[in-house]
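Report on one structure; see the data block that follows.
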Amino acid sequence: GEVVNIGGNKEITILELAKLIRELTNSSSEIEFLPLPKDDPRRRKPDITKAKKILNWEPKIKLEDGLRRMIERF
């Protein structure tokens, strides 16, 4: 099998993602900062070229909309 990156075309930091999830869930939880693993990627904007080529896939749902849909199910 091959590794295929799936994601959006907008770069987002983990802190931005955590804040967005906290906002969408109306949570008052504190965000905990821990040391990153040495192999942790510094940027989080996947190259979806392979997904487009092999799977004919590209994102159709914005991150915030997808998170809202998922949160509604819980």
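Details
- Stretch in the chain that is longest and holds no GluC sites (Glu not before Pro) that DSSP places in a loop and that have at most 14 other beta carbons within 10 Å: 33-74
- Using the Karplus relation 6.51 cos²θ - 1.76 cosθ + 1.60 with θ = phi - 60°, the per-residue 3J(HN,Hα) values for region 59-74 come to x, 10, 10, 5, 3, 4, 5, x, 5, 4, 4, 5, 4, 4, 7, 9 Hz, with x marking Gly and Pro.
- Rg/Rh for the chain (Cα atoms only, Rh after Kirkwood) is 1.02.
- Selected from Pro41, Leu55, Leu67, residue furthest toward positive end of dipole (region 4-74; charges at beta carbon): Leu55
- For region 46-52, Karplus couplings with θ = phi - 60° (6.51, -1.76, 1.60), whole Hz, Gly/Pro x: x, 7, 9, 4, 5, 4, 5
- Counting lysine pairs in the chain whose alpha carbons fall under 14 angstrom apart, excluding pairs fewer than 8 residues apart on the same chain, gives 5.
Only the coordinates and a few stated rules stand behind these numbers; no lab work does. This is a predicted model, so every value here is computed, not measured. Glycine gets a Cβ as well: all are built from the backbone with ideal geometry, and neighbour counts include every protein chain shown.
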